[in-house]
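The values are calculated or read from the model by the stated rules, or taken from the named source; none is laboratory data. Given the structure is predicted, the values throughout are model-derived calculations rather than measurements. Methodologically, a virtual Cβ is constructed for each residue, glycine included, from the backbone with ideal geometry; neighbour enumeration extends over all protein chains shown. Note: areas computed on protein heavy atoms with side chains; ligands, DNA, RNA excluded. Shrake-Rupley method; radii C 1.70, N 1.55, O 1.52, S 1.80 Å.
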Amino acid sequence: AVWQPTLMVFGTYRSAVQAFHNGDETASEWVNRLDLLANVELTKTERILVGVQPLSEEGRFTGYIFDPNATSESGFDDEYNLELTTLFFEGDIGELIPNADPDDVKGLDLGFSVGLQPMKFQEGMLINDSIEAIGITRNTLLPKGTSNLQLTFIYGWDDIHRDDNVQYDDLHLFGIFTSTDFHRNTVRADFVYVEDENADADGAYWGVSSIQ
């Protein structure tokens, strides 16, 4: 393995002046969001990614509220913070231990990632969140009639938001995600189970899509 560490810092800044109606009330505001990321590339398959959103937190944004009839008070809204939104390491087991399979015939090319990482499945309709999790992926499986099958297992243990966009404690997420390339389309079939330790609110969710 050849280690050649490099660092790249990049990000996206977004700003909007907007107004929206909620019944008889109107909210007018100027809001800002900055996604700032640092990518530490160790090799071509191993890296560490660190990210913060210093102008927003839990769906609230730094900016100014203009309309006194809005549900929030007028004035400047400060959501400055340096809380980590991304911090994970990813790599390939076969590349990290090259001597274990020098001829590349044992199927050790297992991709993995561990840490606080953004996840988006089924175009964000099934999962669109940053979760503390570990994921393992097996790629280039070749069932008959396909050109590729990717199989991923994910276990998440913290920073899990449910459908009300509220972060709950003591949730555990188990997911199996597949992506299969056929001649004319790609089929993605995903299954997720969420276990709630504090309440009788476990849930099972699934999604199937075809892209062509």
- Message: Students sometimes get this wrong: rank Arg162, Arg184 by accessible area, probe 1.4 Å, all chains present, largest first.
- Response: Arg184, Arg162
- Query: So what is the accessible area of the range 138-212 per residue, in Å², with the probe set to 1.4 Å?
  - Reply: 65 Å²
- Item | Euclidean distance between Cα centres, the range 153-168 to the range 76-110, Å | 20 Å
- How many percent of Cα pairs in the range 1-97 exceed 24 Å? 44 percent
- Query: Ser113 accessible area, nearest 10 Å², 1.4 Å probe?
  - Reply: 20 Å²
- Message: Let's see if you can work this out: charge +1 on each Lys and Arg Cβ, -1 on each Asp and Glu Cβ, no other charges. What is the dipole magnitude of the range 73-212 about its Cα centre, in debye to the nearest 20?
- Response: 1240 debye
- Message: Out of the total accessible area of the chain (probe 1.4 Å, heavy atoms of protein only), what percent is carbon and sulfur?
- Response: 55 percent
- Task: Would you look at the GNM of the chain, springs on alpha carbons closer than 10 Å, and say which of Phe20, Phe61, Phe89 moves the most?
- Result: Phe20
- Only helical DSSP H runs with n ≥ 4 go in: add -39500 (n - 2.57) per run for the chain, normalise by residue count and round the 222 nm mean residue ellipticity to 500 deg cm²/dmol. -500 deg cm²/dmol
- Task: Calculate the radius of gyration of the Cα atoms of the range 86-198 to one decimal place, then report Dmax, the largest Cα-Cα distance, as a whole number, both in Å.
- Result: 16.0, 49
- Note on the structure: Of Phe174, Phe76, Phe112, the most mobile residue in a GNM of the chain (C-alpha springs, cutoff 10 Å) is Phe76
- Note on the structure: Sorted list, accessible surface of protein heavy atoms, 1.4 Å probe, largest first, for Met119, Met125, Met8 is Met125, Met8, Met119
- Query: For His161, His183, what's the largest-to-smallest order of accessible area, 1.4 Å probe?
  - Reply: His183, His161
- Give me the number: length gained by fully extending Leu141 to Asn81, i.e. 0.36 nm times residue separation minus the C-alpha to C-alpha distance, one decimal in nm. 17.3 nm
- Message: Please compute the alpha carbon radius of gyration of the chain, then divide it by the globular-protein estimate 2.2 N^0.38 Å. Two decimals is fine.
- Response: 1.26
- Query: With point charges of +1 on the Cβ of Lys and Arg and -1 on the Cβ of Asp and Glu, referenced to the Cα centre of the chain, which listed residue (Val17, His183, Ser210) lies farthest in the positive direction of the dipole?
  - Reply: His183
- Expected unfolding gain across Glu195-Asn99 under the 0.36 nm per residue rule, minus the alpha-carbon gap, is 30.6 nm
- Task: Could you sort 77-86, 30-39 so that the peptide with the highest average Cβ count within 10 Å comes first and the rest follow in order?
- Result: 30-39, 77-86
- Query: For Lys106, what accessible area in Å² do you get when you roll a 1.4 Å probe over the heavy atoms of the protein chains, rounding to the nearest 10?
  - Reply: 130 Å²
- Area accessible to solvent at Glu123, 1.4 Å probe radius, in Å²: 130 Å²
